[in-house]
1. Got at least one residue in segment 149-162 being modelled with pLDDT under 85, in contact with a helix residue (DSSP H, G or I) (Cβ under 8 Å, 6 or more places away or on another chain), open to solvent by less than 90 Å² (accessible area, probe 1.4 Å) and closer than 19 Å to G97 by Cα?
2. Would you pick out the residues in segment 71-105 that are of a type outside the set (K, R) and surrounded by fewer than 15 Cβ atoms within 10 Å (Cβ to Cβ)?
3. List pairs: first residue in segment 50-69 and in contact (Cβ under 8 Å) with a residue 24 or more places away in the chain, second residue charged (D, E, K, R) anywhere in the structure, Cβ distance under 7 angstrom, at least six positions apart or on different chains.
4. Which residues, counting only those in segment 100-120, are assigned to a helix (DSSP H, G or I) and in contact (Cβ under 8 Å) with a residue 40 or more places away in the chain?
5. For residues that are open to solvent by 10 Å² or more (accessible area, probe 1.4 Å) and under 22 Å from K45 (Cβ atoms), tally how many sit in segment 15-24.
6. Of the residues D68, D93, which single one is of a type outside the set (K, R), in contact with a Pro (Cβ under 9 Å, 6 or more places away or on another chain) and on the phi > 0 side of the Ramachandran plot?
7. From the list A40, A89, which one is under 28 Å from R161 (Cβ atoms) and either under 15 Å from the mean Cα position of the chain (by Cα) or touching a residue at least 12 places away in the same chain (Cβ under 8 Å) (or both)?
Amino acid sequence: ILTISTRPAAEAPGDALVIGLVASTDGAGLAPGHGLPRRAVTHLKTVIGDLELKGASGDTTVLAAVPDVTAKLVVLAGLGELTSRPDSAALEDVRCGFGAALRGLGTKKKVVVVVPGSSTALVAATAEGVALGAYGIPKAGATGEAVSTISIVGPADAAARKAVKRAAALADAV
């Protein structure tokens with residue numbers, strides 16, 4: 001199930017909260033639009049610096065016990081360089097980054113993902129990345145499934161809802 005939510009990311013219930021990490025010449029930083037409380041941001045910035053994270057597309061870092069965040073885990077998903085007007089290559093990096101993060105969360109049932117901005121293109125790239133990244137090939141004799149519920153936190157206008165619905169349809173068709 002893929003849904004869109006306007007609930008604050010830090011308060012959204014889930015097993016994991018996935019936040020974008022963008023690369024820049026000054027080092028990695030949290031992607032815009034996260035809306036996290038100050039204590040959580042301070043903690044994450046310290047961890048990003050201490051671990052010397054780069055924010056390269058596809059890199060993932062899993063953290064536990066982030067202050068003022070309801071989810072048990074916070075996953076920093078590398079999205080590469082992201083500008084306020086991302087081109088097709090940057091949008092592909094967003095898809096790849098969030099897809100990689102979801103592939104690493106196969107045992108989690110409910111995941112919350114924050115859109116790294118406010119454009120419909122970023123909502124679509126985020127939704128497509130997580131929907132396809134959560135796809136798992138069932139193994140013979142296995143019970144259970146991969147991530148079953150994904151909530152995308154970001155804009156919820158008609159265009160954003162349509163983009164999320166399209167991503168869900170693409171994932172179902174695979």
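1. no
2. Of everything in segment 71-105, those that are of a type outside the set (K, R) and surrounded by fewer than 15 Cβ atoms within 10 Å (Cβ to Cβ) turn out to be T83, S84, D87, S88, A89.
3. Within 7 Å, the pairs are S57/D93; P67/R39; D68/R39.
4. Passing the criteria: A100, A101, L102, T120.
5. 3
6. D68
7. Testing whether each residue is under 28 Å from R161 (Cβ atoms) and either under 15 Å from the mean Cα position of the chain (by Cα) or touching a residue at least 12 places away in the same chain (Cβ under 8 Å) (or both) leaves just A40.
The values are calculated or read from the model by the stated rules, or taken from the named source; none is laboratory data. Predicted model only: the values in this text are computed from it and were never measured. Here Cβ is always computed from backbone atoms with ideal geometry, including for glycine, and neighbour counts include all displayed protein chains. Side chains are part of the model used for accessible areas, which takes the heavy atoms of the whole protein and leaves out ligands, DNA and RNA. Shrake-Rupley method; radii C 1.70, N 1.55, O 1.52, S 1.80 Å.
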